[in-house]
1. Would you mind giving the average projected area, over all directions, of the Cα convex hull of region 82-209 in nm² with one decimal?
2. Work out how far the C-alpha atoms of region 151-190 reach from end to end along every principal axis, then list the three figures in whole Å, largest first.
3. What order, most packed first, do the peptides 111-120, 152-161, 82-91, 197-206 have when packing is the mean number of other Cβ atoms within 10 Å of each residue?
4. Would you mind counting up the charge near Ser176? Only other residues with Cβ under 10 Å from its Cβ, with Lys and Arg at +1 and Asp and Glu at -1.
5. Need one number: nm distance between label points at Ser193 and Asn115, each 7 Å from Cα along Cα→Cβ, rounded to one decimal.
Amino acid sequence: MFQMKMQKKGLSDSNSSYAKSLTSIILMATLSLTTLSSCSQKSKGVRSQVKSTNTNLNPAVSSQADQQAAAQNANYKIYSVSLPNQTGTGYSVDVQLTDPSNQYLPLTTNHDGGNLDSQGIYTDSARGVQVYVQARCSSDECYKYTLLVTVVRNNQSLFQSAAISFKNDCQFNAISVGANSGQMFRSLDELESRYSNLQPRNDADSCSM
């Protein structure tokens with residue numbers, strides 16, 4: 001089980017404009033990213049509670065970005081996204097990332113008390129990278145969940161893995177982008193704006209178990 005190292009401090013003054021923008025967002029938000037105590041899935045019901053397959057929004061760009069990130073030992077990818085779990089004060093979503101060694105990194109993003117956004121940082125000292133995680137639940141009972149994972153080394157953003165998941169869909173939508181492949185996202189707002197026309201498939205009732 002990986003440990004998540006949460007930090008509130010920003011990056012150095014020599015950061016790129018993207019890193020500065022991302023740091024300012026993180027500093028303004030309450031960090032609420034936590035590790036899961038268990039990697040097991042929810043009990044099975046009418047439909048799967050965890051989505052481990054995705055629809056790629058741009059396979060050509062994602063393939064190039066994944067290859068470049070793998071060569072840089074920086075390919076942290078989104079493996080699975082759960083349905084939103086209702087809590088006493090809001091919602092939480094369980095996520096699994098895969099690291100460059102294909103190990104699983106489980107985490108939970110919490111969206112409580114009216115705070116729709118959740119932010120956090122995982123530091124991978126062995127690889128010399130920081131993994132910034134930003135997540136957002138929509139205000140309609142987290143019907144739409146947006147996740148952005150950004151890998152930074154030496155104040156440079158190398159790779160991003162993003163997901164947009166609708167509650168009533170079997171799969172989540174995903175895309176990977178890199179510094180030299182595709183256009184990187186500066187924020188969750190930019191991610192959602194770029195895919196503002198994305199519509200849910202509403203096929204959850206036909207999901208295989």
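FYI, it's all coordinate maths here, none of it is from the lab. The shown structure was predicted, so the numbers you read here are calculated from the model rather than taken from an experiment. Neighbour counts are summed over all protein chains in view; Cβ atoms, including those assigned to glycine, are modelled from backbone coordinates with ideal geometry.
1. With every direction weighted equally, the projected area is 8.9 nm².
2. Its Cα atoms span 39, 18, 15 Å along the three principal axes.
3. Working: 111-120: 18.2, 152-161: 19.8, 82-91: 16.0, 197-206: 11.5.
Final packing ranking: 152-161, 111-120, 82-91, 197-206.
4. Residues near Ser176 contribute 0 overall.
5. Those two pseudo-labels are separated by 2.5 nm.
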